[in-house]
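One structure, as structure tokens, below. Some questions next.
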Amino acid sequence: MTTACGERAPAPRSPEDTPLIPREIVFGNPDKASIRISPDGSRISYLAPLDGVLNVWVGPVEDPNAAEPVTRDTARGIFFYSWAYSSRHIIYVQDLQGDENWRAYSVDLETGATVDLTPLEGVQARPQEISPEFPDEILIGLNDRDPRLHDIYRVNVSTGERSLVQLNAGFERFITDHNFNVRFAGRFTPGGNFELQRPTAEGGWELFASWGLEDSETTFPLTFNKSGDTLYMQDSRGRNTAALTAVDLNTGALSVVADDPQADLDDVMIHPLRRNIEAAAFTYTRKVWKLIDESLRADFDYLRDVAEGDIEVVSRTLDDRIWIVAYLLDSGPVRWYLYDRERRRATFLFTNRAELEDQPLAPMHPVVIDSRDGLKLVSYLTLPVWADTDGDGRPAQPLPMVVSVHGGPYYRDFWGYNPEHQWLANRGFAVLSVNFRGSTGFGKDFVNASTGEWAGKMHGDLVDGVNWAIDQGIAAAERVAILGGSYGGYATLVGMTFTPETFACGVDIVGPSNLVTLLESFPPYWGPRIERWVARIGGDHRTAEGRGFLASRSPLTFVNRITRPLLIGQGANDPRVKQAESDQIVQAMRERGIPVTYVVYPDEGHGFARPENRMSFFAVAEAFLADCLGGRLEPIGDDLSESTITVPVGAEHVSALAPMLPSP
């Protein structure tokens, strides 16, 4: 818990002294999110609820509290938006009930008119490039011609008029510059290798560079300099950790701009007009910025004294005079400031969740755990505030623990405010997130150690994290649960089937149960990535041998081993992990008389976006964990009433759930 000034308040001494943090505060809509400043510096924008649904609000920079909503979404909410360089238009994307067939829209702030820039059914729009050189236009990728491939179109943000820029002849991605030129195209080849090609004068393509599977997660183009003759890359070729490199496109010479011996390049700051990279960030346990342009040093020296937390410059005016700066904490809300560089003055704007200020939030402890074969597993541990009054990350006695597993799997967990960690710790659980092998950010050797290791050594790292916590006196050996979404849901199912004695129960959110059917049912626009997935997982679903390997790593194959309670959550419209992945393991469990509780949302996709649905699922999960591990429980109350929750199977297995469901 922090005070308004960012100082930690004294920790409560017992569960009885510690109030329950309402789920609505943790999982409901934020007060504000995605703060941005217009390119000309005249307006400020953010996401905020309108009648309970996230919309875009815009107001004068001198009085942000006078902002008014400029969108009127009434269903799912808006999560991604940006300014056009006209400073007159807001661009946002929206899908239908989680189907990820994104449409792009433009809002004219002068007239209030909203234009559907991509009015195409069953088509996915991917914003590709915006540029101050063309303030009234945007490049957008559309798979309207072929559902597998995104062609590049130039679209007028006022009228929606579009013209074809580049036909896609089989590429996974295009790399464009600020002059709206298509400079490169990339594709995966058999074995998961990657080719970067550039257009020829004759209208064809020629190979510019290629790299193998070992570099495919850690090497890719980032952007160009102002003149377009330097390509900046994240690059792990010839090294372990990915560096920021610069490639002279006239000579081919490559130079290292910034690097770190422990961590890959994580983020960059690019001057909005000059297009040079000014700073690079690397994250091992915490994010560290390395300055490339020394003219920013005075800014960072000043900003470090403004507030506690990791600094993020999230938005800048085109003249670079005004920044929006966020301070990220582990035990408090995000704090946003308006920073005037000329005056060297930061003015507080908002936090993202004001009600968090008075809650008993717990610190997150970075820990590095040794795997059984010697890898360093950067992990994050959160404890109930009453169990860690001295802040050393060790409770007085072992606690029930939840292992929270990230998705991806080629992603990572970070230090900072984590709603699941805070919710679970407040309910009395230790919470551990392990960056298992395959997690990105720790060098290519760490990623490559995961190849062919789904349900193998990747899962072994999670078990090593559990054993570490038991050995350290943090976790009670018989009271450890596993929870996760997407790959984390798969890891949960693996925990229930491959190591059924390790975990007391599991919560799987949109996790695949069968790797064969997972690969067979990917959305068509993932087709250009299929070679990468096949190579990384280690089995080809198109061959008998590969299908046999994939089956050997699929929880569905070993469903008879499940002996502990399992809760499964699924969005009916998930395009990545189809509902069939959950349906088939639930059906297999029922056929064998194995109890399972299955929650389905008809208006959700890959995860639960609507806050009403999110709160309802975590209300069910909280009751489920209370039954399994003990711990504190906020009554379900009305948390199901505004959601679209259905529980087709197993409501009776969660003691607090069945009485709260409407009668059939």
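So, ASP639, is that one of a type outside the set (S, T, N, Q), under 27 Å from SER521 (Cβ atoms), part of a loop (DSSP other than H, G, I, E, B) and under 28 Å from the mean Cα position of the chain (by Cα) or not?
Working: of a type outside the set (S, T, N, Q): yes; under 27 Å from SER521 (Cβ atoms): no; part of a loop (DSSP other than H, G, I, E, B): yes; under 28 Å from the mean Cα position of the chain (by Cα): yes.
Considered against the rule, which asks whether it is of a type outside the set (S, T, N, Q), under 27 Å from SER521 (Cβ atoms), part of a loop (DSSP other than H, G, I, E, B) and under 28 Å from the mean Cα position of the chain (by Cα), ASP639 comes out as no.
Suppose the filter is crowded, with 21+ Cβ neighbours inside 10 Å, within 25 Å of the chain's Cα centre (by Cα), at pLDDT 95 or above and assigned to a loop (DSSP other than H, G, I, E, B); does GLY98 pass it?
On the way: crowded, with 21+ Cβ neighbours inside 10 Å: yes; within 25 Å of the chain's Cα centre (by Cα): yes; at pLDDT 95 or above: yes; assigned to a loop (DSSP other than H, G, I, E, B): yes.
Criteria met by GLY98.
A follow-up question, please. Tally time: how many residues in the range 322-348 are in contact with a strand residue (DSSP E or B) (Cβ under 7 Å, 6 or more places away or on another chain), over 19 Å from GLY416 (Cβ atoms) and either loosely packed, with under 15 Cβ neighbours inside 10 Å or among the basic types (Lys, Arg) (or both)?
Number of matching residues: 4.
Further question on the same structure: Residues that are surrounded by fewer than 22 Cβ atoms within 10 Å (Cβ to Cβ) and among the small types (Gly, Ala, Ser): which strands (runs of 3 or more DSSP E) entirely in the range 196-246 hold 1 or more of them? Quick ask: steps written out before the conclusion?
On the way: elements: 205-211, 220-224, 230-235.
Of the strands (runs of 3 or more DSSP E) lying wholly inside the range 196-246, those with at least 1 residues that are surrounded by fewer than 22 Cβ atoms within 10 Å (Cβ to Cβ) and among the small types (Gly, Ala, Ser) span 205-211.
Among the residues of the range 591-617 satisfying the criterion of being in a helix (DSSP H, G or I) and in contact with a strand residue (DSSP E or B) (Cβ under 7 Å, 6 or more places away or on another chain), which is surrounded by the most Cβ atoms within 10 Å (Cβ to Cβ)?
Of all residues in the range 591-617, those in a helix (DSSP H, G or I) come to 591, 611-617.
Among the residues that remain, those that are also in contact with a strand residue (DSSP E or B) (Cβ under 7 Å, 6 or more places away or on another chain) are: 613, 617.
Values: ASN613: 26, PHE617: 24.
Among residues in the range 591-617 that are in a helix (DSSP H, G or I) and in contact with a strand residue (DSSP E or B) (Cβ under 7 Å, 6 or more places away or on another chain), the one surrounded by the most Cβ atoms within 10 Å (Cβ to Cβ) is ASN613.
Given (1) out of contact with any Leu (no Cβ under 7 Å at 6 or more places or on another chain); (2) buried (at least 16 other Cβ atoms within 10 Å of the Cβ); (3) not charged (D, E, K, R), where does SER641 come up short, assuming only one miss?
(2)
Within the range 125-141, can one find any residue that is touching a residue at least 24 places away in the same chain (Cβ under 8 Å) and touching a helix residue (DSSP H, G or I) at 6+ places or on another chain (Cβ under 8 Å)? Can you show your working first?
So the first thing to find is which residues in the range 125-141 are touching a residue at least 24 places away in the same chain (Cβ under 8 Å), and the list is 125-141.
With the extra rule that they be touching a helix residue (DSSP H, G or I) at 6+ places or on another chain (Cβ under 8 Å), the set shrinks to none.
Within the range 125-141, none of the residues are touching a residue at least 24 places away in the same chain (Cβ under 8 Å) and touching a helix residue (DSSP H, G or I) at 6+ places or on another chain (Cβ under 8 Å).
Within the range 376-386, is there a residue that is in contact with a Pro (Cβ under 9 Å, 6 or more places away or on another chain), modelled with pLDDT of 95 or more, assigned to a loop (DSSP other than H, G, I, E, B) and crowded, with 20+ Cβ neighbours inside 10 Å?
Here is the first cut: in the range 376-386, the residues in contact with a Pro (Cβ under 9 Å, 6 or more places away or on another chain) are 378-386.
If we keep only those that are modelled with pLDDT of 95 or more as well, we get 378-386.
Among the residues that remain, those that are also assigned to a loop (DSSP other than H, G, I, E, B) are: 383-384.
This time we only want the ones that are crowded, with 20+ Cβ neighbours inside 10 Å, so: 383-384.
For the range 376-386, residues in contact with a Pro (Cβ under 9 Å, 6 or more places away or on another chain), modelled with pLDDT of 95 or more, assigned to a loop (DSSP other than H, G, I, E, B) and crowded, with 20+ Cβ neighbours inside 10 Å: present.
Restricted to the range 618-635, and to residues that are modelled with pLDDT of 95 or more and in a loop (DSSP other than H, G, I, E, B), which residue is surrounded by the most Cβ atoms within 10 Å (Cβ to Cβ)? Talk me through it step by step, then tell me what you get.
First, pick out the residues of the range 618-635 that are modelled with pLDDT of 95 or more: 618-630, 632-635.
Now narrow it down to the ones that are in a loop (DSSP other than H, G, I, E, B): 630, 632-635.
Values: GLY630: 15, ARG632: 14, LEU633: 17, GLU634: 19, PRO635: 12.
Ranking the candidates gives GLU634 first.
Filter the range 545-594 down to the residues that are within 27 Å of ALA535 (Cβ to Cβ), out of contact with any Leu (no Cβ under 7 Å at 6 or more places or on another chain) and charged (D, E, K, R) and list them by number.
Selection gives GLU545, ARG547, ASP574, ARG576, LYS578.
Here is a follow-up. If you scan the range 260-313, which residues turn out to be among the β-branched types (Val, Ile, Thr), within 20 Å of MET233 (Cα to Cα) and in a strand (DSSP E or B)? Let's see the steps before the verdict.
Keep residues of the range 260-313 that are among the β-branched types (Val, Ile, Thr), which gives 268, 270, 277, 283, 285, 288, 292, 306, 311, 313.
Checking which are within 20 Å of MET233 (Cα to Cα) leaves us with 268, 270, 277, 283, 288, 292.
Hits for the range 260-313 are VAL268, ILE270, ILE277, THR283, VAL288.
Could I ask something else about it? Scanning the range 519-535 for residues that are closer than 16 Å to SER486 by Cα and touching a Leu at 6+ places or on another chain (Cβ under 8 Å), which turns out surrounded by the fewest Cβ atoms within 10 Å (Cβ to Cβ)?
TRP533
Quick one: VAL56 ticks every box in (1) at pLDDT 95 or above; (2) over 21 Å from the mean Cα position of the chain (by Cα) bar one, so which box is it?
That leaves (2) as the condition not met.
If I ask for residues that are under 29 Å from the mean Cα position of the chain (by Cα) and of a type in the set (Gly, Ala, Ser), which ones from the range 296-314 would you list?
ALA307, GLY309
Here's another thing I want to ask about it. Tell me whether the range 400-416 contains one or more residues that are surrounded by fewer than 22 Cβ atoms within 10 Å (Cβ to Cβ), assigned to a helix (DSSP H, G or I), touching a residue at least 12 places away in the same chain (Cβ under 8 Å) and not aliphatic (A, V, I, L, M).
The answer is no, given that none of the residues of the range 400-416 is surrounded by fewer than 22 Cβ atoms within 10 Å (Cβ to Cβ), assigned to a helix (DSSP H, G or I), touching a residue at least 12 places away in the same chain (Cβ under 8 Å) and not aliphatic (A, V, I, L, M).
Can you pull out every residue in the range 103-136 that is outside any loop (DSSP other than H, G, I, E, B) and small (Gly, Ala, Ser)?
Step one: filter the range 103-136 for residues outside any loop (DSSP other than H, G, I, E, B), giving 103-108, 114-116, 125-129.
Residues satisfying the conditions are ALA104, SER106, ALA125.
Another one. Taking the conditions exactly as written (modelled with pLDDT of 95 or more and over 24 Å from PRO662 (Cβ atoms)), does ASP540 satisfy them or not? Break it down stepwise before answering.
Working: modelled with pLDDT of 95 or more: yes; over 24 Å from PRO662 (Cβ atoms): yes.
Criteria met by ASP540.
Tell me, which helices (runs of 4 or more DSSP H) wholly within the range 445-535 include 2 or more residues that are touching a strand residue (DSSP E or B) at 6+ places or on another chain (Cβ under 9 Å) and closer than 27 Å to ASN193 by Cα? First the steps, then the outcome.
Details: elements: 457-471, 487-497, 515-520.
Passing ranges, in order: 457-471, 487-497.
Do you know which of the residues in the range 554-577 that are crowded, with 21+ Cβ neighbours inside 10 Å, of a type outside the set (A, V, I, L, M, F, W, C) and part of a loop (DSSP other than H, G, I, E, B) is nearest to the chain's Cα centre (by Cα)?
Looking at residues that are crowded, with 21+ Cβ neighbours inside 10 Å, of a type outside the set (A, V, I, L, M, F, W, C) and part of a loop (DSSP other than H, G, I, E, B), I get ASP574.
The values are calculated or read from the model by the stated rules, or taken from the named source; none is laboratory data. Owing to the predicted nature of the structure, the values given are computational and were not obtained by experimental measurement. Using ideal geometry, Cβ is built from the backbone for each residue, glycine included, and neighbour counts are taken over all protein chains shown.
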